[in-house]
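Trainee: Shown below is the structure under consideration.
The values are calculated or read from the model by the stated rules, or taken from the named source; none is laboratory data. As the structure is a computational prediction, the values presented were derived from the model and not from experiment. Note: ideal-geometry Cβ built from the backbone for every residue, glycine included; neighbour counts use all protein chains shown.
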Amino acid sequence: MRWTAGTILASNHQQFTFDRKQPLMPDASDPSAFAHPIEIEGEPGSVVFFDGVCGLCNVSVDFILARDTRQRFQFAPLQGETARRELPPADLEHLDTMILLTAAGNYRRSAAVVRILWGLPGIWPLVGTLLWVVPRPLRDVGYRIVSANRLAWFGKKETCRLPTPEERERFLP
């Protein structure tokens, strides 16, 4: 069975176009057809925007820094100049999500977490894929629950996280 030419508007308002020449299933004889389901993010220049005064967000940044041996990710607080320049104003009004900015686009909430995990070495791409299998609306419900309680559970800092001298080149204003 093949898709007929046409366009589908997905629930997240992304547009997908299918060409009848493209098979629905990949060719089993082509090993690259079974590569990662979505292009791996985290190429150099990907920026992780985070709430600089959130304890959980700072722990998350530390987690990524410790595992990002290829230095694929840069970091910028949502309260900073880079966020004001690169993100829509709505993202700056409610500092309740981590945002990943890549050449392919912006990813928020659980989509950002999954794509960050895919960009880390080791077992983390597998963990990201396991999360990706969970339907996005369910992942985002879990993300929103944690986000709504993060300051109570993990605390709030008085100021944005300051990078160490070794980390400084990976942080944007």
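Trainee: Output the number of the condition that residue 115 fails; it satisfies all remaining conditions of (1) among the charged types (D, E, K, R); (2) more than 19 Å from residue 53 (Cβ to Cβ); (3) in contact with a Pro (Cβ under 6 Å, 6 or more places away or on another chain).
Mentor: (3)
Trainee: Would you mention how many residues in the range 110-135 are in contact (Cβ under 8 Å) with a residue 12 or more places away in the chain, surrounded by fewer than 16 Cβ atoms within 10 Å (Cβ to Cβ) and under 15 Å from residue 64 (Cα atoms)?
Mentor: So the answer is 2.
Trainee: Hey, does the range 95-109 have a residue that's on the phi < 0 side of the Ramachandran plot, surrounded by 14 or more Cβ atoms within 10 Å (Cβ to Cβ) and without any contact (Cβ under 8 Å) to a residue 24 or more places away in the chain?
Mentor: There is at least one residue in the range 95-109 that is on the phi < 0 side of the Ramachandran plot, surrounded by 14 or more Cβ atoms within 10 Å (Cβ to Cβ) and without any contact (Cβ under 8 Å) to a residue 24 or more places away in the chain.
Trainee: Something else about it: So in the range 44-73, with the set limited to residues that are of a type in the set (Gly, Ala, Ser) and over 15 Å from the mean Cα position of the chain (by Cα), which one is modelled with the highest pLDDT?
Mentor: Residue satisfying both the conditions and the ranking: 66.
Trainee: While we're on this one: Starting from the range 63-87, keep only residues that are on the phi > 0 side of the Ramachandran plot, then list their pairs with residues that are among the charged types (D, E, K, R) and outside any loop (DSSP other than H, G, I, E, B) whose Cβ atoms are within a distance under 9 Å, requiring at least 6 positions of separation or different chains.
Mentor: 71/169; 71/170
Trainee: Got at least one residue in the range 150-161 being modelled with pLDDT of 80 or more and of a type outside the set (Gly, Ala, Ser)?
Mentor: No; the residues of the range 150-161 include none that is modelled with pLDDT of 80 or more and of a type outside the set (Gly, Ala, Ser).
Trainee: Then there is this: Might you let me know whether the range 127-136 holds any residue that is within 12 Å of the chain's Cα centre (by Cα) and closer than 20 Å to residue 172 by Cα?
Mentor: Taking every residue of the range 127-136 in turn, none turns out to be within 12 Å of the chain's Cα centre (by Cα) and closer than 20 Å to residue 172 by Cα.
Trainee: When the range 74-111 is examined, which residues are found to be of a type in the set (Val, Ile, Thr) and over 12 Å from the mean Cα position of the chain (by Cα)?
Mentor: 82
Trainee: OK, next. Applying the selection to the range 61-94, what residues are under 23 Å from residue 144 (Cα atoms) and buried (at least 20 other Cβ atoms within 10 Å of the Cβ)?
Mentor: Answer for the range 61-94, where residues must be under 23 Å from residue 144 (Cα atoms) and buried (at least 20 other Cβ atoms within 10 Å of the Cβ): 61, 64, 75, 76, 77, 78, 83.
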